[in-house]
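K.L.:
Questions regarding the structure given below will be posed in turn.
Laboratory data are not the source of any read-out in this text; all were calculated from the coordinates shown. All values derive from a computational prediction rather than experimental measurement. Here the Cβ is made from the backbone with ideal geometry for all residues, glycine too, and neighbour counts use every protein chain on show.
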Amino acid sequence: MDSHTNTIGLLTGSRRKNSFNGQLAKIAESMLEKQGQNVQIINWLDVPFFSQDDEFPTPEVVQKVRGEVMKCDVIWIFSPEYNGQIPGGEKNLLDWLSRGLKPGAERSDTAAYGRKVMLTTAGGRAAGFGVRKNLTLLCKAMGMTVISSEGIALSPESWSSDNVMKTPGVDEMLEGQIKTLLG
Ligand SMILES: Cc1cc2nc3c(=O)[nH]c(=O)nc-3n(C[C@H](O)[C@H](O)[C@H](O)COP(=O)(O)O)c2cc1C
């Protein structure tokens, strides 16, 4: 992949203001920018609950977030794990992204189909193993290709300070994923 022309979409699956996963996305953003990559933040917090009754006309906020996704060569998802699963808001967004852009569209005519995806999870002792497994299955079902999947188990110091950087290995994990991305 040409390391000068990528646009990487950063998508945080948490709604929490000081989200650990959001902190990872911010660190990744500055690493990517230092390497001359284009970064697109995927803003999805206002996306409504999905209903097939509301697909057309597509809500403006959904059109906007689909537009952000479609600018990207790669979507980098930073996800919490809720009970081993994908958090509800994030799953809802992915359902919207899996749907046709027009009534009766081909399966491939969605915002997500054919795009590359990287997964990163910050969580408890299992480092988000369950959510990465479920996201991998979901992304494949949506026609996306997972190129990298990594997790980090937060240290007690991170949990008590709400600071992801109090966990060793954060920079190395993100740098490794960027290396995979840039090939
Ligand atoms: C409903 C709920 C379920 C959770 N389940 C898990 C879990 O299965 N595994 C895990 O590692 N952490 C779990 N946690 C703890 C999250 O890792 C923790 O809340 C973390 O801060 C969420 O990520 P964020 O900081 O990016 O929002 C759970 C938290 C909530 C609110």
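K.L.:
Hey, could you get me the Stokes-Einstein D for the range 7-182, Kirkwood radius over alpha-carbon pairs, 25 °C and 0.890 mPa s, rounded to whole µm² s⁻¹?
P.N.:
Reported coefficient: 150 µm²/s.
K.L.:
May I ask for the distance between the Cα centers of the range 122-138 and the range 1-76, given as a whole number of Å?
P.N.:
19 Å
K.L.:
Related question: Search the structure for amide H atoms under 5 Å from the amide H of A122, placed 1.01 Å from N in the peptide plane, and list their residues when 5 or more places away or on another chain.
P.N.:
S79, I152
K.L.:
Sticking with this structure for a sec: Pick from T121, T12, T58: which residue has the top mean-square fluctuation in a GNM of the chain where Cα pairs under 10 Å get a spring?
P.N.:
Maximum fluctuation in the GNM of the chain, among the listed residues, is at T58.
K.L.:
Something else: Can you tell me the orientation of helix 60-70 relative to the chain, as the angle in degrees between its alpha-carbon axis and the longest Cα principal axis, to the nearest 10?
P.N.:
60 degrees
K.L.:
Still on this model: Tell me which lysines have Cα within less than 19 Å of K91's Cα, excluding those fewer than 8 residues away on the same chain?
P.N.:
Candidates past the 8-residue exclusion: K17, K64, K116, K133, K140.
K.L.:
Sticking with this one: How much length is gained if the chain between R107 and T145 is pulled fully straight, taking 0.36 nm per residue apart and subtracting their Cα-Cα distance, in nm to one decimal?
P.N.:
So the extension gain works out to 12.1 nm.
K.L.:
Give me D for the range 18-103 in µm² s⁻¹, whole number, from Stokes-Einstein with Rh from the Kirkwood sum over alpha-carbon pairs, 4 °C and 1.567 mPa s.
P.N.:
90 µm²/s
K.L.:
Treat each spin label as a single point 7 Å out from the Cα along the C-beta direction, and report the D95 to R15 distance in nm.
P.N.:
Placing both labels 7 Å along Cα→Cβ, they lie 1.4 nm apart.
K.L.:
So what is the relative contact order of the chain, in percent, for Cα pairs below 8 Å that sit 6 or more residues apart? Write down the numbers at each step before the final one.
P.N.:
On the way: 312 pairs, mean separation 40.4, N = 183.
Once divided by the residue count of the chain, the mean separation gives 22 percent.
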